[in-house]
Structure formats: C-alpha cells, structure tokens
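Below is one structure, written out as structure tokens; the observations come after it.
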Amino acid sequence: MRSGYEHLQHMIKDALTQLGYPDDIYELIKEPSRLMKVRFPVRMDDDSVKIFTGFRAQHHDVFGVTQGNVHFRPDITEDEIAALSILRSVKASNLQLPLGGSSGGIICDLRELSFRELERLCRAYIRAIQHIIGPSIDIPTSDASVDPQIMAWMMDEYSRLHTGVNPNFITGKPYILGGINNKQTAVEKGVYHTVNALIDVYHLPVKDTRVMIHGTGIIGSYLAEKLYQAGIKIVGISDPQKALYNPDGLNIPMLLKQKDNFGIFSRMIKDTISLEEFLEKENDMFIITSKQEQVDLHIAKKLNTSFILETVNNTLDKEAIHYLDEKGIVMIPEVLATNGGIVYAYLEWMEYKQGKKFTDKEIDDYLKQIILHAIEEAKYTSLKKKVNMYSASYMLGMKNQAEAIRYRGWL
C-alpha cells in the first residue's frame, strides 16, 4: 500500500500537470519549506528527566502566515507531520482561506502522562519552537484529540517568552480565553455540511437519499444522529465487527444507545450482517469514517453506491479511484470533506485579529456557506477539466497555491 505522503505527492503532481503548471511549482511545494525537529527535556513527577522529540513543519508562507494542528501520538513521524502540513495547505486553498499549511507533533503517549507532566511537556514544546511561531508567522491550533487546556498552557508559555505579544493567536483555546464554542465538534460539523452541500449541488432528494455510514466512531456517530434528525434516511451503519442494514431506514437514536465505549453496537442487536455483506448493499451515498478501512480494487468492485465520501485521507487507493471513476461514482476526498476544524481555527484567529466575537449562528452559517462554495467550485473544475471530483478537489487547492506563487514572482 502506498504511504499517505507518497499518495499526497502523487495527487499534487497529477493536479499541477493537468492544470498545465511547470515542474518547478511541484518541486517547490512537494515538501514543506521548513521542517524543524526538536528534542527537549521534561521533568517527570518522580523527579526523573525524560527527553521528548517534537516536530513543526510549515508547508509555505506564500499567503504570509501558516496554520496547523499539534498532534500528540506515540507513533507520529516526521514524514507524517510533513504530509499533514501539505494537506492543510490544500484544504485551506480549497476553501480560499489565505493561509499556508503547517503541522506539529510530539512523540508521546498521553495516557502515560500525569496532568502536571502534560503541562510541563506542552510548555517545553513551545519553548523549543517559539522562534518559528507567532501571530504573523505560524498559528498552532488543536487537533481533534487535543483539549483546550493544552492550548491554554501553550498560549500561557508563549506569553511568558514574548511579553510584548498578545498570545491569543494560538487557537483551540478555552472559550473564556478567546476560544470558540463547540470547536470539539468542528470536524464532524464540516462533514455534515459537506453531505448537505452535495445534496444541494447534485439536486438529490433529501428524504429519498439513502445513506450508509461505515464506522461508529466520533464522526460516524455524529453524522448518523444529525442526518437522521435532518430527515435523511440512514439505511446502513457498521461498527468494527458487524453492520446493520434496512432499506426503509434505521432507528438511529435507538441504535446509538446500544453503543459501548468501543463504538460497538452489534453485540446487543439481532439481525446484524457481516462487513462483507454491508459493503455490497445498495445505497446512494457511502460515507467512510472508519480509520481501519482501506478501499482497494477488490473492495471498490463490491460497492453499490453513487457517491463516496472519504473522511480519512488515503482511504481510496489509486486503482480503486480509477475503477470507481469509470463506473461514474462521485468521490469526495478527505481534503474537501473534513474542513470544519480549519474554518473554526481561522475564525478564532480572526476574532483575535479583529477584537470581536462571532455568535454560534454566524460561525455555523459561515461554515455552511464556505463548504457549499468549495463543493460548487470543485464540481465546476470537474466539469471544465473533465476529471472526477476526487482529482478536481486537489486541482482546486493546487491552483490557488500555484497562482499565489506566480503572482509573488517566486518562480
């Protein structure tokens, strides 16, 4: 299986080639312009000292400032951080936000750290990268697994190091410190609005559109509940072991009440089907939220749908994309489907810049409109260039970056 980094670079190169840009553009943006690796000591509760490794990658600053998440995982790698910074650029450009992408991370297992050890780790990381972040340079923001307390510690440490700078540029903070309400569900809201935008742009009947959701994690459960409330028929849903299918629609509230802490509901419900059978069931929109699923050609041939929505990058491999395209199935890649977090982080930064607070309604309306516009632009690119929506989504993002580079005279 191709790595996520290789898949991303292939998609970028293919998009730029189809748009007619010279190889120099690809050579410039195929990797981050800056990738910093840091090692720093942290005093543990037993008074021992442990050395941690962290990263911060900035794809490019053609728009003047970069923005990206901070990740805490024991398996995070330098290549993954680099790829995530590039993905962030593509996503921001798809939304026409004037931001370059960045990403950061620390190799650690949060479950092994006490509350105070985690605080010292966060502060040490900010001390290590302080010279390459700032309100007009690079804006750290929270990942889905990073709570507001972590970002508050980072903000406070930056304020101690740079006393003349307002540290509120760091986003993902608690609301009382300038954060935005409900940011913890921003990614899920983005996917939800993407589904609704597809229904609008492709003129699908709301109540007759049959949706299947592969996965009952955070995104899958949120989508199932919200789409059900909106009157959209959920005909199938899966957990890591089994699945349920009913062509007349499932009772989602009842089903989600059966879910345990591992996201499994099938142990408590009869009439389940295997995951193999689930993939073959007829539906109109198939939403993949399971991180364990890799759709290759073998699986692609089983799918019986008209739309596929990818919420985990690199879920569809090259052969699957080619096969599904020949079948006329509309594919929406993760770079177009999961942009809620970017929008929330951008609006929080704008609050810092403008000295104002957005209402919850203003935030949701903005998110809805910017995603709808991105879907419309991708569809327009798809029709104009005669490519599938998967490729068009990358072409849209790469064109905006390439044009910015051209106007600035970098190449």
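The values are calculated or read from the model by the stated rules, or taken from the named source; none is laboratory data. In this text, all values refer to a predicted model and were calculated from it rather than measured experimentally. Cβ placement follows ideal geometry from the backbone for every residue including glycine, while neighbour counts extend to all protein chains displayed.
Tell me, please, whether a residue that is in contact with a Phe, Trp or Tyr (Cβ under 6 Å, 6 or more places away or on another chain), in contact (Cβ under 8 Å) with a residue 12 or more places away in the chain and either more than 28 Å from ALA337 (Cβ to Cβ) or not assigned by TED's automatic domain parsing to the domain that holds VAL65 (or both) can be found in the range 137-160. No, because not a single residue in the range 137-160 is in contact with a Phe, Trp or Tyr (Cβ under 6 Å, 6 or more places away or on another chain), in contact (Cβ under 8 Å) with a residue 12 or more places away in the chain and either more than 28 Å from ALA337 (Cβ to Cβ) or not assigned by TED's automatic domain parsing to the domain that holds VAL65 (or both).
Would you check if there is a residue in the range 269-277 being under 20 Å from ILE218 (Cβ atoms), out of contact with any helix residue (DSSP H, G or I) (no Cβ under 9 Å at 6 or more places or on another chain) and surrounded by fewer than 22 Cβ atoms within 10 Å (Cβ to Cβ)? Checking the range 269-277: at least one residue is under 20 Å from ILE218 (Cβ atoms), out of contact with any helix residue (DSSP H, G or I) (no Cβ under 9 Å at 6 or more places or on another chain) and surrounded by fewer than 22 Cβ atoms within 10 Å (Cβ to Cβ). Among the residues of the range 232-267, the one identified as at pLDDT 95 or above and on the phi > 0 side of the Ramachandran plot is GLY249.
In this structure, GLU188 qualifies as under 30 Å from HIS373 (Cβ atoms), touching a Phe, Trp or Tyr at 6+ places or on another chain (Cβ under 9 Å) and either part of a helix (DSSP H, G or I) or modelled with pLDDT of 95 or more (or both). I'd like the full set of residues that are out of contact with any Lys or Arg (no Cβ under 8 Å at 6 or more places or on another chain) and of a type in the set (D, E, K, R), limited to the range 364-408. Within the range 364-408, ASP365, LYS368, GLU376, GLU377, LYS379, LYS384, LYS385, LYS386, LYS399, GLU403, ARG406, ARG408 meet the criteria.
Would you check which residues across the range 205-230 are of a type in the set (A, V, I, L, M) and surrounded by fewer than 19 Cβ atoms within 10 Å (Cβ to Cβ) and list them? Hits for the range 205-230 are VAL206, ILE218, ALA230.
The requirement of being on the phi < 0 side of the Ramachandran plot, touching a strand residue (DSSP E or B) at 6+ places or on another chain (Cβ under 9 Å) and either free of Cβ contacts under 8 Å to residues at least 60 places away in the same chain or of a type in the set (S, T, N, Q) (or both) is satisfied by MET389.
So if I check each of GLU326, GLU376, GLU319, GLU348, which one is in contact (Cβ under 8 Å) with a residue 40 or more places away in the chain and surrounded by fewer than 15 Cβ atoms within 10 Å (Cβ to Cβ)? Let's see the steps before the verdict.
Values: GLU326 fails: in contact (Cβ under 8 Å) with a residue 40 or more places away in the chain; GLU319 fails: in contact (Cβ under 8 Å) with a residue 40 or more places away in the chain; GLU348 fails: surrounded by fewer than 15 Cβ atoms within 10 Å (Cβ to Cβ).
On inspection, the qualifying residue turns out to be GLU376.
If you check GLN294, GLN369 for being within 22 Å of the chain's Cα centre (by Cα), surrounded by fewer than 17 Cβ atoms within 10 Å (Cβ to Cβ) and at pLDDT below 95, only one passes: GLN294.
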